[in-house]
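The structure under discussion appears below in the form of structure tokens.
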Amino acid sequence: MKEKSAQFRVIENKSLEVSGSFEIFNAKGELLKSEGPIYLCRCGLSENKPFCDGKHKNSGFTG
Ligand code: FES
């Protein structure tokens, strides 16, 4: 098995950037991505969760 090594970076008022090597699965257990960078939604507004789709823009999200 390939060793995974991911880095996480919170982007102020935006998403969570995940880079490196990792595995992220959906609720059905299907592999979505295994390499970054990817951007995960932190604001809760994305229609493509867990990924950011840009909806945080102009939403007033602060975090
Ligand atoms: S952080 Fe970008 S849509 Fe939620």
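The values are calculated or read from the model by the stated rules, or taken from the named source; none is laboratory data. The structure displayed is predicted, hence computed values, not measured ones. Positions of Cβ are backbone-derived with ideal geometry, glycine not excepted, and every protein chain shown enters the neighbour counts. Areas reflect the complete protein model, heavy atoms only, side chains present, ligands, DNA and RNA absent. Shrake-Rupley method; radii C 1.70, N 1.55, O 1.52, S 1.80 Å.
Whenever a residue of the range 42-63 is more than 14 Å from Leu16 (Cβ to Cβ), it has no partner that is of a type in the set (Ser, Thr, Tyr) and open to solvent by 80 Å² or more (accessible area, probe 1.4 Å) lying with C-beta atoms less than 8 angstrom away and at least six residues away or across chains. For the range 24-55, give me the residue count where each residue is away from the ligand (no atom under 11 Å from the Cβ) and either under 9 Å from the mean Cα position of the chain (by Cα) or in a strand (DSSP E or B) (or both). The qualifying residues number 9. In the range 21-39, the residues that are over 19 Å from Cys52 (Cβ atoms) reach residues that are open to solvent by 100 Å² or more (accessible area, probe 1.4 Å) and outside any strand (DSSP E or B) with C-beta atoms within less than 9 angstrom, at least six apart or across chains, in these pairs: Ser21/Lys2; Ser21/Glu3.
Among residues belonging to the range 1-13 that are part of a strand (DSSP E or B) and aliphatic (A, V, I, L, M), point out the one that is farthest from Thr62 (Cα to Cα).
Looking at the filtered set, the residue picked out is Ala6.
Please determine whether any residue of the range 14-23 is open to solvent by less than 80 Å² (accessible area, probe 1.4 Å), at positive phi and in a strand (DSSP E or B). Yes. Check the range 25-38 and report whether any residue there is surrounded by 15 or more Cβ atoms within 10 Å (Cβ to Cβ) and more than 19 Å from Phe8 (Cβ to Cβ). For the range 25-38, residues surrounded by 15 or more Cβ atoms within 10 Å (Cβ to Cβ) and more than 19 Å from Phe8 (Cβ to Cβ): absent. In this structure, does Phe51 turn out to be out of contact with any Ser or Thr (no Cβ under 7 Å at 6 or more places or on another chain), loosely packed, with under 14 Cβ neighbours inside 10 Å and not acidic (Asp, Glu)? Answer is no for this residue.
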